[in-house]
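**Student:** First the structure, which I've put down as structure tokens, then a few questions once you've had a look.
The values are calculated or read from the model by the stated rules, or taken from the named source; none is laboratory data. Quantities reported herein were computed from a predicted structural model and do not represent experimental measurements. So basically every Cβ, Gly included, is an ideal-geometry build from the backbone, and we count neighbours across all protein chains shown. Note: accessible area is taken over every heavy atom of the protein model, side chains too, but ligands, DNA and RNA are not part of it. Shrake-Rupley method; radii C 1.70, N 1.55, O 1.52, S 1.80 Å.
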Amino acid sequence: MLFKVFIVVSLLIFSSIATAYYPTYVSGTNHLVEISKKKSGAWNSIVVINNTSVGKPIHDETKGILKSINKELFDSIESAARKGINGISWMSFRELKYVTLDGPLQTKLITQSNGVITAEVGGFSLRSEVKFELSLFTLYGKVRTSELRFAADYDVITGRVYNLRDIGNTRVDIDVDGNGIINSLVAEGIEVLEGIFFPTFIQDVVDDGVNGLVNDEYYIAGLESVIPTGKWMVAGVDLGVKIKEMISGVSAEKYVSIGISEKNHRYYTGWSYRTYYMNQVELDISGNYKVEYGNTPIYSTGSWINPCAGPGGAGSGCYEP
């Protein structure tokens with residue numbers, strides 16, 4: 001009998017060890033800001049700052065900007081798709097599944113010799129999916145653009161970019177999945193979506209998306225507000241002040257280029273899934289100075305009792321910047 005008890009206990013211990021889970025979780029983040037200067041045709045790092053008080057505001061600002069842009073794009077596309085599809089008697093709009101901005105949102109401000117500031121916006125494409133009904137059948141229309149590139153005007157006073165003009169010959173590809181529905185219905189669905197998602201429509205929704213963001217200002221003005229003064233001192237030069245001066249009024253025949261992007265990392269906490277947001281910002285001032293920001297997760301390994309597990313786990317190891 002004692003031998004049987006020993007066997008049972010041993011099996012239970014072995015089973016517990018075999019199923020023990022040592023989770024990797026995000027316990028913090030590095031907010032890295034690097035300032036470089038070009039010398040002899042190459043970028044040389046002159047300041048590296050890994051400081052939450054400097055980097056976190058840039059992270060939060062970038063996250064808020066991209067969220068605002070995506071919401072503007074979603075609302076514009078949803079409204080147009082609903083109106084266009086419901087405008088046909090035998091079709092019904094059901095849902096806009098998603099709108100995704102792929103790639104970095106890049107803007108380059110260029111001051112011409114006559115003092116006029118122009119902008120180029122590009123580096124990204126759009127993906128979207130629309131659910132609708134046609135003759136009682138459910139269809140899904142997937143829309144994808146080529147890489148978008150626009151020219152625009154820039155208002156130094158308000159920080160707004162407006163009057164976008166397509167200079168990249170935008171192409172819109174549409175695919176309708178009817179799950180075996182007859183080809184004529186699928187072709188009809190494609191024709192309707194083509195009538196909605198034409199290139200000038202894409203230009204209009206991007207124009208709306210980047211025109212009315214944070215406090216009705218374009219994101220260049222937003223980022224300007226989080227660049228610190230009195231912290232980035234190099235050889236007696238306050239780079240924060242220098243960057244602000246460059247952004248608010250670029251010298252003749254000079255430029256400021258800004259790119260922002262975000263990637264989401266989904267990780268398991270032992271209790272549920274959470275999302276960690278990684279974004280990047282790069283600011284290039286006329287090829288002379290470059291400021292780069294990026295955040296990276298700090299990974300830790302918990303005991304088999306996950307420090308992230310259970311209600312309220314976010315306060316004990318599950319970190320989301």
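**Student:** How much net charge surrounds Lys131 when only other residues with a Cβ under 15 Å from its Cβ are counted (Lys, Arg +1; Asp, Glu -1)? All intermediate terms of the calculation are to be shown ahead of the outcome.
**Tutor:** Numbers: positive: Arg82, Arg94, Lys97, Arg127, Lys142; negative: Glu78, Glu95, Glu129, Glu133, Asp175, Asp177.
Value of the local net charge: -1.
**Student:** If you take every residue apart from Gly28 with its C-beta less than 15 Å away from the C-beta of Gly28, what net charge results, scoring Lys and Arg +1 and Asp and Glu -1?
**Tutor:** +1
**Student:** At 1.4 Å probe radius, can you tell me the per residue accessible area of the range 26-113 in Å²?
**Tutor:** Using a 1.4 Å probe on heavy atoms only, each residue of the range 26-113 averages 50 Å².
**Student:** Please work out how much accessible surface Tyr277 shows to a 1.4 Å probe, ignoring ligands, DNA and RNA, in Å² rounded to 10.
**Tutor:** 50
**Student:** Moving on. Mind running the shape call on the range 67-151? Use the C-alpha gyration tensor, a ≥ b ≥ c as the square roots of the eigenvalues: rounded below 1.5 for a/c, prolate if a/b tops b/c, oblate otherwise.
**Tutor:** In terms of gyration-tensor shape, prolate.
**Student:** Quick check: with the 1.4 Å probe, what order do Lys56, Lys242, Lys39 take by accessible area, largest first?
**Tutor:** Lys39, Lys242, Lys56
**Student:** Going down the table (Lys63/Lys131; Lys108/Lys242; Lys39/Lys231; Lys242/Lys263; Lys37/Lys231), which pairs top 20 Å between alpha carbons?
**Tutor:** Violating the 20 Å Cα-Cα cut-off are Lys63/Lys131; Lys39/Lys231; Lys242/Lys263.
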